[in-house]
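Notes for the one structure printed next.
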Amino acid sequence: MPSEMKTDMERIGLFSEPTYITIGDKYMSPYNRPFNAAASKNKQMLPGGLKVRSALQEGYFDSQFKRVFEKEAYSDPVKLRRQFKMQQSKKNIGKPFLPSNGEKKPSGTGSYYGTFSAPIEAMSALQVPKTPYKSPGKNVLTNPPKHGTGYGYHNLTLSKPYPYTADPYDREKQMRKTNNSSHRNLLKGGAFFLNLHPKDLFDSNPYKFDKPLPPVKKSGGKKPAVIPFKPSSPAKKIGGMKAGTFEVYPSHSADPFTVKTTKAITKNKEGRVFQPSPGPKSRPVKSVVIANIMKTVTPANYMNLQSVMAY
């Protein structure tokens, strides 16, 4: 290896580069490689077109139709089953087994048909001799009921008919008049009226004036002359002096120290000083634990309680 080339250790990290697996053929690019080159050489197989199936054998590979079962015969499964039963019946010894008759059903209530025992005399249907029947006689015969609707017919009920009574035309009016007169005679005074009738106001009308109004005063004399309104002059601006005030700035005057006199204490007739009533004062508040005890403990159960706490 020339000294100017890198060693295998420096290039790929191996002591020596392994040889490539090849048979010595030339490299051929996959893009330029021909596809199915044998298709363009020698003669090719040319099939003869599709065959349409029909009732003939045309269209099949075989020239003759082949059956699945060759030389099989027609067999009847019912006939074969009967023949098998006949062969099995020849193996029986003696007569064929016949089962016993089925149970007998009774014909009705009290019937003994199909039972092991005979009819019981105590339960027989024979009649016991009885005394001949005697008629109790005829009932009481009464007259047939009288027909009619009942309204407007006489002598149809058990009681006697009601006698006729006169009914005057103004009977209700006379009865109402007598009841009113008897009610008025029982009254001792006038009608009682409640003072709860609806009013416009709760009290009497405060704007109502029952007294007569005084006479209207006549204004005498001449009316004063009306002076037209004149707005005041605009305010003056203060330019470092007292030009914009209403009055002239007063001159400074000395203010000597003077002792302030105290006001005399006001006293009542008894000679006591007046003191205003004090405001509301705070009061002690009981604890929640004491409230629990007061609600739980009573004079009747304080001897039997073991604990008065809620926990």
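The values are calculated or read from the model by the stated rules, or taken from the named source; none is laboratory data. Keep in mind the model is a prediction, meaning the values are calculated, not measured. All Cβ positions, even for glycine, are placed from backbone atoms using ideal geometry, and neighbour counts span all protein chains on display. Each accessible area value is taken on the protein alone, full model and side chains, heavy atoms only, with ligands, DNA and RNA left out. Shrake-Rupley method; radii C 1.70, N 1.55, O 1.52, S 1.80 Å.
If packing is taken as the average count of other Cβ atoms within 10 Å, what order do 67-76, 52-61 fall into, highest mean first?
Working: 67-76: 6.2, 52-61: 8.7.
For the peptides 67-76, 52-61, the packing ranking is 52-61, 67-76.
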Picking from Lys269, Lys85, Lys188, which is most flexible by a Gaussian network model of the chain using Cα springs under 10 Å?
Lys269
If I compute volume of the Cα convex hull per residue in Å³ from the structure I just sent, which labelled value in [x] 141; [y] 2781; [z] 161 lines up?
[y]
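Can you compute the FRET efficiency between Asn101 and Glu121 using 1/(1 + (r/R0)^6), with r the Cβ-Cβ distance and R0 = 30 Å? Round to the nearest 0.05.
Details: r = 29 Å, r/R0 = 0.96.
E between Asn101 and Glu121, to the nearest 0.05, is 0.55.
Grab the beta carbon distance between Ala235 and Lys267, set R0 = 51 Å, and tell me the FRET efficiency rounded to 0.05. If you can, show how the numbers build up before the last one.
Numbers: r = 53 Å, r/R0 = 1.04.
Here the calculated transfer efficiency is 0.45.
Rounded to a whole number, what is D in µm²/s for segment 135-195 from Stokes-Einstein with the Kirkwood radius over alpha-carbon pairs (4 °C, 1.567 mPa s)?
On the way: Rh = 18.3 Å.
Taking Rh from Cα pairs, D becomes 71 µm²/s.
Just to confirm, what accessible area per residue do you get for the chain at 1.4 Å probe, in whole Å²? Numbers along the way, then the final one.
Values: 36410 Å² over 311 residues.
Ligands and nucleic acids excluded, the result is 117 Å² per residue.
Considering every pair of different Cα atoms, what Kirkwood radius, in Å, is found for segment 81-150?
Details: mean 1/r = 0.0467 Å⁻¹.
One decimal place: 21.4 Å for the Kirkwood radius.
Suppose R0 equals 45 Å. What FRET efficiency, 1/(1 + (r/R0)^6) with r the Cβ-Cβ distance, do Ile21 and Lys43 give to the nearest 0.05?
Details: r = 38 Å, r/R0 = 0.85.
In this case the efficiency is close to 0.70.
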Could you derive backbone 3J(HN,Hα) for segment 152-165 from the dihedral phi with the Karplus parameters 6.51, -1.76 and 1.60 (θ = phi - 60°), listing whole Hz in sequence and x where the residue is Gly or Pro?
x, 10, 9, 6, 10, 9, 6, 8, 6, x, 6, x, 7, 10
What does the accessible area of His183 come to, in Å² to the nearest 10, when a probe of 1.4 Å is used?
110
Where a Cα-Cα gap under 20 Å defines reach, which lysines qualify for Lys79, not counting those fewer than 8 residues away within the same chain?
Lys90, Lys91
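What is the Cα convex hull volume of segment 1-89 when expressed per residue in Å³?
Values: hull volume 40.4 nm³, N = 89.
Looking at segment 1-89, the number lands at 454 Å³ per residue.
Among 157-167, 106-116, how do they line up by average Cβ neighbours within 10 Å per residue, starting with the highest?
Numbers: 157-167: 6.5, 106-116: 9.2.
Packing proxy ranking, top to bottom: 106-116, 157-167.
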In nm, spacing of pseudo-spin labels at Lys211 and Thr165 (7 Å Cα→C-beta vector)
7.3
When the accessible area of the chain is computed with all protein chains present and a 1.4 Å probe, what percentage of it is carbon and sulfur?
60
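Divide by every residue of the chain the summed helix terms, -39500 (n - 2.57) for each DSSP H run of at least 4, and state the resulting mean residue ellipticity at 222 nm, rounded to the nearest 500 deg cm²/dmol. Numbers along the way, then the final one.
Working: 4 runs with 43 residues, N = 311.
Only helices count here, giving -4000 deg cm²/dmol.
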